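Only the coordinates and a few stated rules stand behind these numbers; no lab work does. Here the structure is a predicted model, which is why all the values come from computation and not from measurement. Cβ sites come from the backbone with ideal geometry, for glycine too, and all protein chains shown count toward neighbours.
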Amino acid sequence: MFRTLRKPQFLKIYLIPLLATGIGSMSWSVSILYALELGADIFQINLITTIRSTMSILLVVPFGILSDRFGRRPMVLYPRIIMLVGTLIRAFALNPTHLLLAAFVGGFAGGSYFPILLSMIADIAEPQEQQESISTLFFFSSVGMVCGPLISTLLLNLPQTTLRSIYQLGAIAEALVLIYLATQIRETHPPIASDQPLGYRESIMEVLRQSSFQGLLVMAFLYFFSRAVIQTYIPIYASVDLKLSNAEVASLSIYRNFAIMLIRLSSATYLTRVSIRPYLLTVLLVGGVTCLAAPLANNYFFIILLFFLSGISFGAVMILSNTLVAKNSRPENRGVANSMLNVGQSSGNLLKILTSSIAETLGLFPVFLMGGVIGLIAIIPILLTKDERDP
């Protein structure tokens, strides 16, 4: 971790997720509360939280191909501009329809900017630095994920602060991040000069032919459905059933994100020599069991424990899956590979919307049971495939 921190080019990229994720998690920690305050029902909440994932499925792979062909920097700047517009709409929303519009506008950002950042890190990292540098990138992101909800919680304890105020502060911070990107970030992958570049379909099929990558895609789809269930329904359960305060519900994200930060710090410093496959199987198991245990939570501290274990699982899964992508891709197809993994994740998150009717008619217990079982099934694709480059 400390070797790459001494290199300015790495450090400037590491600061992007620290700043951007800090702002995003500050808003995300109150997003469901904000939707409930504006009168959203469960279906609308699920729709709001899946629109962006839906559009990501359509746009993230073309963005990855564009980053391979024309460079990474433009594909980092463009999404942040769109995200700023979406945050502004949320900051002045008056009803759930406005939140749906904000989610739709944000969807044109092409999904998460992380596939491009991961490609940038892999572009400049030596092979022996890949897991360390990817872990460090995620560690900086998790620091932002801890700081964001902490700021929201502290602000909500002030009588003059409203949920809307969080989004208004977020819009100002988004503008400052955009200035940083425009002035400090340089290109890591110059445009490819080739008389016969791979076509759109060929770029995708080159990645999909790898059996290890096929297993990663299926795993990501199943695991992210399970994670989406926890992310969406535990805050609803805590607010509606357990009657926790807004500040208490917002604070749950602090503990989950703190766990993510700890596992990413460990992965960047102590766990770089651990075999990836058994490590990945273990944290997938933790994720599935956590979702299964959710209906048993009957107080604030039990829910904190669940969010903490969920954070451990998620933080490790993201590092390990993206390290495997970096090991099995080249600069010419790295953007496509990272984007395809993001498609698998977004598709799993999108599937969550099918649970809306189940939650409304049968309650949350069957949804948590479904999420837990599917989370455990995510282990199977990893058992059936093995990365030849895994130490």
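Note on the stretch 80-187: Cα-Cα pairs beyond 18 Å make up 63% of the total pair count.
Working note: Karplus 6.51/-1.76/1.60 with θ = phi - 60° gives the stretch 224-233 the couplings 6, 5, 4, 5, 4, 4, 5, 4, 8, 8 Hz, where Gly and Pro are set to x.
The angle between the Cα long axis of helix 114-124 and the longest principal axis of the Cα atoms of the chain comes to about 30 degrees, rounded to the nearest 10.
Placing a label point 7 Å from the Cα of Ile124 along the Cα-to-Cβ direction, the residues of the stretch 8-23 whose backbone N falls under 15 Å of that point are 8-18. All C-alpha pair distances within the stretch 1-123, sorted into 5 Å bins from zero, spread as 2, 11, 19, 20, 17, 13, 9, 6, 3, 1 percent across the bins. Placing unit charges on each Cβ (+1 for Lys and Arg, -1 for Asp and Glu) gives the stretch 1-126 a dipole about its Cα centre, and among Ile65, Met83, Ala103 the Cα reaching farthest toward its positive end belongs to Ile65.
When only the Cβ of Lys, Arg, Asp and Glu is charged (+1, +1, -1, -1), the dipole of the stretch 296-391 relative to its Cα centre reaches about 180 debye.
Along the stretch 35-47 the Karplus relation, 6.51 cos²θ - 1.76 cosθ + 1.60 evaluated at θ = phi - 60°, assigns HN-Hα couplings of 5, 4, 5, 7, x, 6, 9, 4, 4, 5, 4, 5, 5 Hz to successive residues, with x for each Gly and Pro. Charge dipole of the chain (Cα centre as origin; +1 on each Lys and Arg Cβ, -1 on each Asp and Glu Cβ, all else neutral): 500 debye, rounded to the nearest 20. Please identify which residues in the stretch 218-259 have an amide N closer than 19 Å to a label point set 7 Å out from the Cα of Thr282, following the Cα→Cβ vector. Taking a point 7 Å out along Cα→Cβ of Thr282, the residues of the stretch 218-259 whose backbone N falls under 19 Å are 259.
The convex hull around the C-alpha trace of the stretch 282-374, projected and averaged over every direction, spans 6.8 square nanometres. Across the chain, the longest run free of exposed loop sites, meaning GluC sites (Glu not before Pro) lying outside DSSP classes H, G, I, E and B with no more than 14 other Cβ atoms within 10 Å, spans 188-387. The C-alpha atoms of the chain define a longest principal axis, and helix 163-184 lies at about 10 degrees to it. Close Lys pairs in the chain (alpha-carbon distance under 30 Å; sequence gap of 8 or more, or different chains): 5.
Between Gln214 and Asn95, the modelled labels are 4.9 nm apart [label points 7 Å from Cα along Cα→Cβ]. Charge tally around Ala182: other residues with Cβ under 15 Å, Lys/Arg +1 each, Asp/Glu -1 each, net +3. Under the combined filter of DSSP loop state and at most 16 neighbouring Cβ atoms within 10 Å, the stretch 41-81 retains none of its trypsin sites (Lys or Arg not before Pro). Specify the residue with the greatest mean-square fluctuation among Asn157, Asn333, Asn342, computed from a Gaussian network of the chain linking alpha-carbon atoms under 10 Å apart. In the Gaussian network model the winner is Asn157.
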